[in-house]
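Working notes, beginning with the structure itself.
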Amino acid sequence: MSNGGMKKAAGLKAALVLGAAVALLLSPNAVAAGIQDRDRDGDGLPNRYEQLRTMTRAGNADSDGDGLRDGREDPDRDGLANRLELRLRTDPRNGDTDGDGTPDRDEDTDGDGLTNRQEQRLHLRLHVADSDGDGIRDGREDADRDGLRNRAEFRYGCDPLDPDSDGDGVRDGRENHAGDGDGTCDVDCDGECDGSGPGPSDA
C-alpha cells in the first residue's frame with residue numbers, strides 16, 4: 001500500500017474511534033450516571049453532564065444568573081428539574097424524552113402507580129418504586145393515613161397530604177360511604193362527586 005493510502009486508512013480508523021468515543025460519552029447511561037464525575041460548582045449536576053446535557057457552565061452554579069442553581073432549573077419546562085432528569089435518565093432539554101406523546105412529568109418511571117409529578121408532590125423518590133423500603137409500592141401507600149391510598153387520592157382529585165381534603169369533617173377514605181351527601185372528595189366545590197367507586201379498598 002502506498003504512503004498516501006496508508007495515511008488515508010489511518011485517518012479513517014482514527015475518525016471511527018473518535019466517533020465511537022463521542023457516542024459513548026453522549027449515551028444516556030454514560031451521561032446520566034455522571035461517569036463518576038465530580039460536581040465542581042456544587043449545583044447538583046456532574047461537570048460532564050453540564051457540558052454535554054444541560055449545556056450549563058460546570059464552574060458556575062447559576063449559569064444564567066437568575067438566582068436559581070443549575071440543578072434546579074427546568075429548561076424543557078416539563079416540571080422536572082435538571083437534577084431529577086439526571087436521576088431519571090431523561091433528556092433535560094426534551095420534555096418528552098421517549099417521544100411517546102406523554103411528557104416526562106406524567107410518565108411513571110419506576111412503575112409504582114404514580115406519575116413523576118405526583119411523586120414530587122409527595123416528596124418521594126421518582127426512580128424508586130418503594131421509596132421508604134417497607135415493601136409497599138408508593139402508589140399503594142397512604143401518606144396522610146385517611147384510608148385512601150395515594151394513587152386513589154390523585155384519581156379522585158383529593159389532596160394526598162390532607163386526610164380531609166374538602167374540610168367537611170369526614171376523612172377522604174370514608175367520603176364515599178359516609179352518607180354525608182357530598183360525594184367523594186368534592187374539592188373543586190362543583191357539587192358533584194369528583195370520583196366514583198369504593199374508596200378505601202381502591203388499588
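The values are calculated or read from the model by the stated rules, or taken from the named source; none is laboratory data. From a predicted model like this one, the values you see are computed outputs, not experimental measurements. Glycine also receives a Cβ, built like all others from the backbone with ideal geometry; neighbour counts cover every protein chain displayed.
Listed values, structure above:
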item: Residue in the range 89-100 that is more than 25 Å from Arg48 (Cβ to Cβ) and not aliphatic (A, V, I, L, M) present; result: yes
item: Condition broken by Gly157, with the remaining ones in (1) in contact with a helix residue (DSSP H, G or I) (Cβ under 9 Å, 6 or more places away or on another chain); (2) at pLDDT below 90 satisfied; result: (1)
